[in-house]
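Input: a single structure, listed below in C-alpha coordinates.
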Amino acid sequence: MPLTILVTGGAGYVGSHTTLELLIAGHSVVCVDNLSNAFKDGNAILPEALRRVQNITGQQVIFYPIDLRDSCGLKNIFKKHKIDCVAHFAALKAVGESCRQPLQYYQNNITGTGILLEAMAEAKVFKLVYSSSATVYGEPQFLPITESHPTGNCTSPYGKSKYFVEEILKDLCLSDDRWSVISLRYFNPVGAHSSGSIGEDPNGEPNNLMPYISQVAVGRRKTLNVYGTDYDTKDGTGVRDYIHITDLAEGHVCAIKKLGSADVKGFLTYNLGTGNGYSVLEVVEAFSKASGRKVAYVESPRRPGDIATSYADASLAEAELGWKAKRGLKEMCEDTWKWQRQNPNGFSRSQL
Ligand code: NAD
Ligand code: WQD
(Lines give C-alpha, C1' and ligand atoms only; values in the text may rest on other atoms or scores of the structure.)
(Ligands and ions follow the chains in the order given, each with its own letter.)
Protein backbone atom coordinates (compact mmCIF):
# COMPACT_ATOMS: atom_id res chain seq x y z
CA MET A 1 0.00 0.00 0.00
CA PRO A 2 1.46 3.42 -0.91
CA LEU A 3 2.34 5.35 2.23
CA THR A 4 3.62 8.82 3.07
CA ILE A 5 6.98 8.60 4.79
CA LEU A 6 8.68 11.42 6.65
CA VAL A 7 12.43 11.02 6.08
CA THR A 8 14.66 12.96 8.49
CA GLY A 9 18.18 13.59 7.19
CA GLY A 10 16.86 12.87 3.69
CA ALA A 11 19.52 14.97 1.96
CA GLY A 12 22.33 12.84 3.41
CA TYR A 13 24.00 9.69 2.13
CA VAL A 14 21.69 6.96 3.47
CA GLY A 15 18.60 9.20 3.52
CA SER A 16 18.84 10.15 -0.16
CA HIS A 17 19.38 6.56 -1.35
CA THR A 18 16.49 5.39 0.82
CA THR A 19 14.24 8.19 -0.46
CA LEU A 20 14.99 6.94 -3.98
CA GLU A 21 14.04 3.35 -3.15
CA LEU A 22 10.89 4.46 -1.29
CA LEU A 23 9.77 6.42 -4.35
CA ILE A 24 10.51 3.45 -6.61
CA ALA A 25 8.41 1.30 -4.26
CA GLY A 26 5.49 3.70 -4.84
CA HIS A 27 5.56 5.65 -1.57
CA SER A 28 5.44 9.45 -1.18
CA VAL A 29 8.30 11.09 0.66
CA VAL A 30 8.52 14.25 2.74
CA CYS A 31 12.12 15.07 3.74
CA VAL A 32 13.50 17.30 6.46
CA ASP A 33 17.18 18.16 6.74
CA ASN A 34 19.04 21.08 8.33
CA LEU A 35 21.74 20.81 5.61
CA SER A 36 24.50 20.59 8.22
CA ASN A 37 26.05 17.80 6.14
CA ALA A 38 24.40 18.17 2.74
CA PHE A 39 24.88 20.46 -0.24
CA LYS A 40 22.23 22.78 -1.65
CA ASP A 41 22.96 25.16 -4.50
CA GLY A 42 22.13 28.83 -3.76
CA ASN A 43 18.43 29.42 -4.30
CA ALA A 44 17.61 25.87 -5.36
CA ILE A 45 14.48 24.45 -3.75
CA LEU A 46 15.98 21.03 -3.18
CA PRO A 47 19.35 19.87 -1.86
CA GLU A 48 21.39 18.54 -4.78
CA ALA A 49 21.08 14.87 -3.78
CA LEU A 50 17.28 15.11 -3.69
CA ARG A 51 17.14 17.05 -6.96
CA ARG A 52 18.95 14.13 -8.54
CA VAL A 53 16.68 11.61 -6.83
CA GLN A 54 13.77 13.41 -8.51
CA ASN A 55 15.58 13.23 -11.87
CA ILE A 56 16.28 9.51 -11.53
CA THR A 57 12.80 8.53 -10.38
CA GLY A 58 10.65 11.14 -12.12
CA GLN A 59 8.82 11.43 -8.79
CA GLN A 60 8.43 14.48 -6.59
CA VAL A 61 10.19 14.91 -3.25
CA ILE A 62 8.82 17.43 -0.76
CA PHE A 63 11.60 19.08 1.23
CA TYR A 64 11.72 21.26 4.35
CA PRO A 65 15.04 22.83 5.46
CA ILE A 66 14.28 22.22 9.13
CA ASP A 67 16.36 21.24 12.13
CA LEU A 68 14.92 18.39 14.19
CA ARG A 69 15.26 20.50 17.31
CA ASP A 70 12.82 23.04 15.86
CA SER A 71 9.78 21.60 17.58
CA CYS A 72 7.24 24.04 16.05
CA GLY A 73 8.61 23.57 12.54
CA LEU A 74 8.43 19.81 12.90
CA LYS A 75 4.91 19.81 14.35
CA ASN A 76 3.75 21.95 11.43
CA ILE A 77 4.97 19.32 8.97
CA PHE A 78 2.87 16.68 10.74
CA LYS A 79 -0.12 19.05 10.51
CA LYS A 80 0.45 19.71 6.81
CA HIS A 81 1.02 16.09 5.73
CA LYS A 82 -0.68 12.90 6.77
CA ILE A 83 2.46 10.96 7.69
CA ASP A 84 2.14 7.18 8.06
CA CYS A 85 5.67 6.37 9.19
CA VAL A 86 8.98 8.09 9.93
CA ALA A 87 12.42 6.95 8.73
CA HIS A 88 14.87 8.73 11.01
CA PHE A 89 18.38 9.26 9.59
CA ALA A 90 19.22 12.77 10.80
CA ALA A 91 22.28 12.67 13.03
CA LEU A 92 25.88 13.76 13.26
CA LYS A 93 28.09 10.76 12.54
CA ALA A 94 31.82 11.51 12.73
CA VAL A 95 33.37 9.35 15.43
CA GLY A 96 36.52 11.48 15.99
CA GLU A 97 34.59 14.77 16.02
CA SER A 98 32.18 13.32 18.58
CA CYS A 99 35.11 12.74 20.99
CA ARG A 100 36.06 16.43 20.68
CA GLN A 101 32.49 17.78 20.78
CA PRO A 102 30.40 15.31 22.79
CA LEU A 103 27.74 17.82 23.82
CA GLN A 104 27.04 18.74 20.21
CA TYR A 105 26.53 15.04 19.42
CA TYR A 106 24.29 14.34 22.40
CA GLN A 107 22.30 17.52 21.75
CA ASN A 108 21.82 16.84 18.07
CA ASN A 109 21.35 13.07 18.07
CA ILE A 110 19.53 12.51 21.36
CA THR A 111 17.64 15.77 21.96
CA GLY A 112 16.80 15.94 18.25
CA THR A 113 15.31 12.44 18.40
CA GLY A 114 13.35 13.31 21.57
CA ILE A 115 11.76 16.32 19.87
CA LEU A 116 10.92 14.21 16.82
CA LEU A 117 9.25 11.56 19.00
CA GLU A 118 7.17 14.21 20.80
CA ALA A 119 6.00 15.64 17.48
CA MET A 120 5.15 12.13 16.28
CA ALA A 121 3.16 11.35 19.44
CA GLU A 122 1.22 14.61 19.14
CA ALA A 123 0.35 13.74 15.54
CA LYS A 124 -0.47 10.15 16.54
CA VAL A 125 2.20 8.71 14.27
CA PHE A 126 3.64 5.72 16.12
CA LYS A 127 5.70 3.93 13.47
CA LEU A 128 9.42 4.60 13.21
CA VAL A 129 12.45 3.12 11.47
CA TYR A 130 15.65 4.18 13.21
CA SER A 131 19.19 4.32 11.74
CA SER A 132 21.29 2.47 14.24
CA SER A 133 24.77 1.08 13.84
CA ALA A 134 26.92 -1.95 14.50
CA THR A 135 28.86 0.46 16.68
CA VAL A 136 26.29 -0.24 19.46
CA TYR A 137 27.89 -3.70 19.86
CA GLY A 138 31.34 -2.28 20.74
CA GLU A 139 34.21 -4.78 20.67
CA PRO A 140 32.61 -8.04 19.46
CA GLN A 141 32.42 -10.83 22.04
CA PHE A 142 31.58 -13.35 19.31
CA LEU A 143 31.31 -13.50 15.52
CA PRO A 144 29.23 -13.24 13.46
CA ILE A 145 27.40 -10.61 15.51
CA THR A 146 23.74 -11.40 16.14
CA GLU A 147 21.12 -8.96 17.39
CA SER A 148 21.31 -10.58 20.84
CA HIS A 149 24.98 -9.59 21.22
CA PRO A 150 25.30 -7.22 24.22
CA THR A 151 25.12 -3.52 23.37
CA GLY A 152 26.25 -0.32 25.05
CA ASN A 153 29.97 -0.90 25.29
CA CYS A 154 30.65 1.88 22.78
CA THR A 155 33.83 3.88 22.84
CA SER A 156 32.78 7.20 21.27
CA PRO A 157 30.06 9.74 22.12
CA TYR A 158 28.73 9.13 18.60
CA GLY A 159 28.37 5.40 19.28
CA LYS A 160 26.85 6.08 22.69
CA SER A 161 24.33 8.47 21.15
CA LYS A 162 23.17 5.66 18.83
CA TYR A 163 22.93 3.28 21.79
CA PHE A 164 21.16 5.77 24.10
CA VAL A 165 18.54 6.47 21.44
CA GLU A 166 17.91 2.73 21.08
CA GLU A 167 17.33 2.58 24.87
CA ILE A 168 14.96 5.56 24.72
CA LEU A 169 13.01 3.90 21.92
CA LYS A 170 12.83 0.64 23.88
CA ASP A 171 11.45 2.47 26.96
CA LEU A 172 8.99 4.37 24.82
CA CYS A 173 7.64 1.14 23.30
CA LEU A 174 7.34 -0.40 26.78
CA SER A 175 5.41 2.62 28.05
CA ASP A 176 2.82 2.73 25.27
CA ASP A 177 1.89 -0.20 23.04
CA ARG A 178 0.80 2.01 20.17
CA TRP A 179 4.47 2.42 19.22
CA SER A 180 6.20 0.09 16.80
CA VAL A 181 9.85 0.81 16.13
CA ILE A 182 12.42 -0.99 14.01
CA SER A 183 16.04 -0.19 14.71
CA LEU A 184 18.28 -1.15 11.80
CA ARG A 185 21.87 -1.73 12.82
CA TYR A 186 23.96 -0.96 9.76
CA PHE A 187 27.37 -2.54 9.35
CA ASN A 188 29.56 -0.55 6.89
CA PRO A 189 27.46 1.15 4.18
CA VAL A 190 29.43 1.90 1.00
CA GLY A 191 28.82 2.39 -2.71
CA ALA A 192 26.45 4.56 -4.66
CA HIS A 193 23.31 4.31 -6.77
CA SER A 194 24.02 2.38 -9.98
CA SER A 195 23.41 5.55 -12.05
CA GLY A 196 26.48 7.14 -10.43
CA SER A 197 24.35 10.23 -9.97
CA ILE A 198 24.11 10.16 -6.16
CA GLY A 199 26.65 8.83 -3.69
CA GLU A 200 28.59 9.58 -0.53
CA ASP A 201 29.98 13.11 -0.43
CA PRO A 202 32.03 13.57 2.73
CA ASN A 203 32.91 17.05 3.89
CA GLY A 204 36.69 17.53 3.94
CA GLU A 205 38.96 14.57 4.60
CA PRO A 206 36.95 11.32 4.60
CA ASN A 207 36.86 9.40 7.89
CA ASN A 208 35.79 6.15 6.26
CA LEU A 209 37.71 3.71 4.11
CA MET A 210 35.75 3.54 0.83
CA PRO A 211 35.44 7.30 0.19
CA TYR A 212 39.10 7.70 1.07
CA ILE A 213 40.12 5.02 -1.42
CA SER A 214 37.98 6.51 -4.17
CA GLN A 215 39.40 10.00 -3.59
CA VAL A 216 42.91 8.55 -3.92
CA ALA A 217 41.89 6.76 -7.12
CA VAL A 218 40.45 9.94 -8.63
CA GLY A 219 43.55 11.95 -7.69
CA ARG A 220 42.07 14.13 -4.95
CA ARG A 221 44.34 12.56 -2.30
CA LYS A 222 47.81 11.11 -2.58
CA THR A 223 47.88 8.00 -0.42
CA LEU A 224 45.59 5.98 1.78
CA ASN A 225 46.74 5.30 5.33
CA VAL A 226 46.10 1.67 6.16
CA TYR A 227 45.44 1.89 9.88
CA GLY A 228 46.99 -1.17 11.46
CA THR A 229 48.64 -4.14 9.80
CA ASP A 230 49.14 -6.22 12.95
CA TYR A 231 45.56 -7.23 13.75
CA ASP A 232 44.77 -10.90 14.22
CA THR A 233 43.09 -11.11 10.79
CA LYS A 234 43.84 -12.81 7.44
CA ASP A 235 46.36 -10.15 6.36
CA GLY A 236 46.76 -8.09 9.54
CA THR A 237 44.39 -5.29 8.47
CA GLY A 238 40.92 -4.58 9.88
CA VAL A 239 38.01 -6.69 8.63
CA ARG A 240 34.51 -5.26 8.14
CA ASP A 241 31.14 -6.19 6.70
CA TYR A 242 30.66 -3.70 3.84
CA ILE A 243 27.11 -3.38 2.54
CA HIS A 244 25.99 -1.75 -0.71
CA ILE A 245 23.98 1.40 -0.05
CA THR A 246 21.16 0.25 -2.33
CA ASP A 247 20.84 -3.03 -0.39
CA LEU A 248 20.74 -0.96 2.79
CA ALA A 249 18.09 1.37 1.34
CA GLU A 250 15.99 -1.64 0.27
CA GLY A 251 16.23 -2.89 3.86
CA HIS A 252 14.37 0.24 4.96
CA VAL A 253 11.61 -0.36 2.42
CA CYS A 254 11.22 -3.89 3.86
CA ALA A 255 11.22 -2.57 7.44
CA ILE A 256 8.50 -0.05 6.61
CA LYS A 257 6.43 -2.83 5.04
CA LYS A 258 6.90 -4.90 8.19
CA LEU A 259 5.69 -2.00 10.37
CA GLY A 260 2.49 -2.05 8.35
CA SER A 261 1.53 -5.53 9.56
CA ALA A 262 -0.89 -5.50 12.46
CA ASP A 263 1.02 -8.07 14.53
CA VAL A 264 4.18 -5.92 14.77
CA LYS A 265 4.39 -4.07 18.07
CA GLY A 266 7.16 -2.74 20.26
CA PHE A 267 10.88 -2.39 19.64
CA LEU A 268 12.61 -4.66 17.11
CA THR A 269 16.24 -4.68 15.98
CA TYR A 270 17.78 -6.07 12.80
CA ASN A 271 21.34 -6.22 11.52
CA LEU A 272 21.82 -5.00 7.97
CA GLY A 273 25.01 -6.51 6.60
CA THR A 274 26.08 -9.16 4.11
CA GLY A 275 27.64 -11.57 6.61
CA ASN A 276 30.99 -11.37 4.77
CA GLY A 277 34.09 -9.74 6.17
CA TYR A 278 36.71 -8.09 3.94
CA SER A 279 40.07 -6.71 5.02
CA VAL A 280 41.29 -3.21 4.18
CA LEU A 281 43.77 -4.65 1.67
CA GLU A 282 41.06 -6.75 0.03
CA VAL A 283 38.95 -3.62 -0.43
CA VAL A 284 41.94 -1.74 -1.88
CA GLU A 285 42.54 -4.61 -4.31
CA ALA A 286 38.89 -4.86 -5.34
CA PHE A 287 38.71 -1.10 -5.88
CA SER A 288 41.87 -1.07 -8.02
CA LYS A 289 40.34 -3.78 -10.18
CA ALA A 290 36.99 -2.00 -10.50
CA SER A 291 38.54 1.37 -11.33
CA GLY A 292 41.59 0.29 -13.28
CA ARG A 293 43.53 2.73 -11.08
CA LYS A 294 46.32 2.02 -8.67
CA VAL A 295 45.42 2.99 -5.11
CA ALA A 296 48.62 4.10 -3.36
CA TYR A 297 48.75 3.29 0.33
CA VAL A 298 51.11 3.38 3.28
CA GLU A 299 51.07 1.15 6.31
CA SER A 300 50.20 3.28 9.35
CA PRO A 301 49.68 2.70 13.08
CA ARG A 302 46.30 1.47 14.31
CA ARG A 303 43.57 4.11 14.57
CA PRO A 304 42.53 4.60 18.24
CA GLY A 305 39.20 2.93 19.07
CA ASP A 306 39.26 0.57 16.07
CA ILE A 307 38.43 -3.11 16.42
CA ALA A 308 40.02 -5.98 14.48
CA THR A 309 36.99 -7.68 12.98
CA SER A 310 33.26 -7.07 12.66
CA TYR A 311 30.68 -8.84 10.53
CA ALA A 312 27.00 -9.52 10.84
CA ASP A 313 24.72 -12.44 11.19
CA ALA A 314 21.98 -10.95 9.02
CA SER A 315 19.73 -14.02 9.04
CA LEU A 316 17.06 -12.42 11.25
CA ALA A 317 16.44 -9.67 8.69
CA GLU A 318 16.10 -12.34 6.02
CA ALA A 319 13.67 -14.42 8.08
CA GLU A 320 11.51 -11.58 9.41
CA LEU A 321 11.86 -8.72 6.93
CA GLY A 322 12.29 -10.84 3.81
CA TRP A 323 15.46 -8.86 3.08
CA LYS A 324 18.89 -10.06 2.02
CA ALA A 325 21.85 -8.12 0.62
CA LYS A 326 22.23 -8.94 -3.08
CA ARG A 327 25.29 -6.90 -4.11
CA GLY A 328 28.88 -7.98 -3.52
CA LEU A 329 32.17 -6.14 -3.03
CA LYS A 330 32.77 -5.86 -6.80
CA GLU A 331 29.52 -3.96 -7.32
CA MET A 332 30.18 -1.80 -4.25
CA CYS A 333 33.53 -0.72 -5.73
CA GLU A 334 32.22 -0.32 -9.30
CA ASP A 335 29.33 1.90 -8.21
CA THR A 336 31.53 3.96 -5.87
CA TRP A 337 33.90 4.50 -8.77
CA LYS A 338 31.13 5.44 -11.18
CA TRP A 339 29.89 8.09 -8.73
CA GLN A 340 33.42 9.36 -7.98
CA ARG A 341 34.44 9.51 -11.64
CA GLN A 342 31.29 11.36 -12.68
CA ASN A 343 31.47 13.68 -9.66
CA PRO A 344 35.15 14.06 -8.79
CA ASN A 345 34.35 16.86 -6.35
CA GLY A 346 31.09 15.49 -5.03
CA PHE A 347 27.79 17.35 -5.37
CA SER A 348 29.07 20.88 -5.09
CA ARG A 349 31.01 21.44 -8.29
CA SER A 350 29.72 18.92 -10.78
CA GLN A 351 27.04 19.38 -13.40
CA LEU A 352 24.59 16.54 -13.80
P1 NAD B 1 24.83 11.99 6.50
O2 NAD B 1 25.57 12.99 7.31
O3 NAD B 1 25.16 11.87 5.07
O4 NAD B 1 23.25 12.27 6.61
C5 NAD B 1 22.65 12.77 7.76
C6 NAD B 1 21.80 13.97 7.34
O7 NAD B 1 21.13 14.46 8.50
C8 NAD B 1 22.63 15.12 6.76
O9 NAD B 1 22.09 15.50 5.52
C10 NAD B 1 22.49 16.24 7.79
O11 NAD B 1 22.49 17.53 7.19
C12 NAD B 1 21.19 15.89 8.48
N13 NAD B 1 21.07 16.32 9.90
C14 NAD B 1 21.96 16.12 10.90
N15 NAD B 1 21.48 16.63 12.04
C16 NAD B 1 20.25 17.15 11.76
C17 NAD B 1 19.26 17.80 12.53
N18 NAD B 1 19.43 18.08 13.84
N19 NAD B 1 18.13 18.19 11.93
C20 NAD B 1 17.92 17.95 10.60
N21 NAD B 1 18.83 17.34 9.82
C22 NAD B 1 19.98 16.95 10.39
O23 NAD B 1 24.96 10.60 7.26
P24 NAD B 1 24.54 9.15 6.74
O25 NAD B 1 25.76 8.39 6.46
O26 NAD B 1 23.50 9.30 5.69
O27 NAD B 1 23.90 8.56 8.06
C28 NAD B 1 22.50 8.52 8.24
C29 NAD B 1 22.19 7.82 9.54
O30 NAD B 1 22.73 6.51 9.50
C31 NAD B 1 22.78 8.47 10.79
O32 NAD B 1 21.83 8.40 11.81
C33 NAD B 1 23.98 7.62 11.11
O34 NAD B 1 24.25 7.62 12.50
C35 NAD B 1 23.51 6.25 10.66
N36 NAD B 1 24.60 5.34 10.29
C37 NAD B 1 25.44 5.68 9.26
C38 NAD B 1 26.48 4.83 8.91
C39 NAD B 1 27.45 5.17 7.82
O40 NAD B 1 28.53 4.60 7.78
N41 NAD B 1 27.10 6.05 6.90
C42 NAD B 1 26.65 3.61 9.62
C43 NAD B 1 25.76 3.31 10.65
C44 NAD B 1 24.73 4.18 10.96
C1 WQD C 1 36.95 0.49 8.06
C2 WQD C 1 38.34 -0.14 8.14
C3 WQD C 1 39.87 1.13 9.48
C4 WQD C 1 40.01 4.67 6.89
C5 WQD C 1 32.75 3.58 11.07
C6 WQD C 1 32.10 4.00 12.36
C7 WQD C 1 30.85 3.20 12.58
C8 WQD C 1 29.92 3.27 11.37
C9 WQD C 1 30.63 2.98 10.09
C10 WQD C 1 28.31 4.99 11.72
C11 WQD C 1 38.95 -0.09 9.54
C12 WQD C 1 40.32 1.12 8.03
C13 WQD C 1 39.72 3.43 7.44
C14 WQD C 1 41.30 4.91 6.38
C15 WQD C 1 41.91 2.65 6.98
N16 WQD C 1 29.38 4.59 11.21
N17 WQD C 1 40.65 2.46 7.48
N18 WQD C 1 42.20 3.88 6.43
O19 WQD C 1 35.55 2.28 11.60
O20 WQD C 1 34.40 0.17 10.76
O21 WQD C 1 33.09 2.19 11.16
O22 WQD C 1 31.81 3.76 10.00
O23 WQD C 1 27.63 4.45 12.54
O24 WQD C 1 30.26 3.72 13.72
O25 WQD C 1 33.01 3.78 13.43
O26 WQD C 1 34.58 2.15 9.24
O27 WQD C 1 35.35 2.90 7.03
O28 WQD C 1 36.19 4.11 9.07
O29 WQD C 1 37.00 1.80 8.62
O30 WQD C 1 42.77 1.78 7.03
O31 WQD C 1 41.62 5.99 5.91
O32 WQD C 1 39.21 0.64 7.30
O33 WQD C 1 40.97 1.07 10.34
O34 WQD C 1 39.71 -1.25 9.69
P35 WQD C 1 34.51 1.65 10.76
P36 WQD C 1 35.76 2.83 8.45
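The values are calculated or read from the model by the stated rules, or taken from the named source; none is laboratory data. Just so we're clear, the structure is a prediction, and the values are computed from it rather than from any experiment. Cβ placement follows ideal geometry from the backbone for every residue including glycine, while neighbour counts extend to all protein chains displayed. When the accessible area is computed, the model is the full protein with side chains, heavy atoms only, and any ligands, DNA or RNA have been set aside. Shrake-Rupley method; radii C 1.70, N 1.55, O 1.52, S 1.80 Å.
If eta is 1.567 mPa s and T is 4 °C, what Stokes-Einstein diffusion coefficient results for the chain, Kirkwood Rh from Cα pairs, in µm²/s? Walk me through the intermediate numbers first.
Numbers: Rh = 20.4 Å.
Translational D for this selection: 63 µm²/s.
How much of the accessible area of the chain, in percent, comes from carbon and sulfur atoms when a 1.4 Å probe is used?
Of the solvent-accessible surface of the chain, carbon and sulfur hold 49 percent.
Rounded to the nearest whole Å², what accessible area per residue is found for region 210-352 with the 1.4 Å probe?
Counting only protein heavy atoms, the per-residue value for region 210-352 is 46 Å².
Take every Cα pair under 8 Å in the chain that's 6+ residues apart, average their separations, divide by the length, and report that relative contact order as a whole percent.
After rounding, I find 19 percent.
With the cut-off at 18 Å, tell me which of the pairs Lys222/Lys294; Lys79/Lys265; Lys162/Lys324; Lys82/Lys127; Lys80/Lys257; Lys75/Lys124 have Cα atoms farther apart than that.
Lys79/Lys265; Lys162/Lys324; Lys80/Lys257
Could you tell me which of Val218, Pro150, Ala317 has its Cα farthest along the dipole of the chain towards the positive end, charges placed at Cβ (Lys, Arg +1; Asp, Glu -1), taken about the Cα centre?
Val218
Name the aspartates and glutamates eligible as straight-distance cross-link partners of Lys170: C-alpha to C-alpha under 16 Å, and not fewer than 8 places from it in the same chain.
Those aspartates and glutamates meeting the cut-off are Glu118, Glu147.
What is the dipole size for the chain, taken about its Cα centre, with +1 at each Lys and Arg Cβ and -1 at each Asp and Glu Cβ, in debye to the nearest 20?
Dipole of the chain, to the nearest 20 debye: 880 debye.
For region 204-352, what does the relative contact order come out to in percent, with C-alpha contacts under 8 Å and a separation of six or more?
Normalised by residue count, the contact order of region 204-352 is 35 percent.
Can you give the angle from 0 to 90° between the axis of helix 48-57 and the longest principal axis of the chain, with both taken from C-alpha atoms, to the nearest 10?
80
Using a Cα-Cα cut-off of under 19 Å, which aspartates and glutamates could be cross-linked to Lys40, ignoring same-chain neighbours fewer than 8 residues away?
Glu48, Asp67, Glu200, Asp201
To test your reading of the geometry: what angle, between 0 and 90 degrees and rounded to tens, separates the Cα axis of helix 112-122 from the longest principal axis of the chain?
Computed tilt is about 30 degrees.
Please report the base-10 log of the normalised intensity I(q)/I(0) for region 236-342, using a Debye sum with one equal scatterer per alpha carbon and no solvent, at each q in 0.14, 0.17, 0.18 (1/Å).
One equal scatterer on each Cα of region 236-342 leads to -0.68, -0.90, -0.96.
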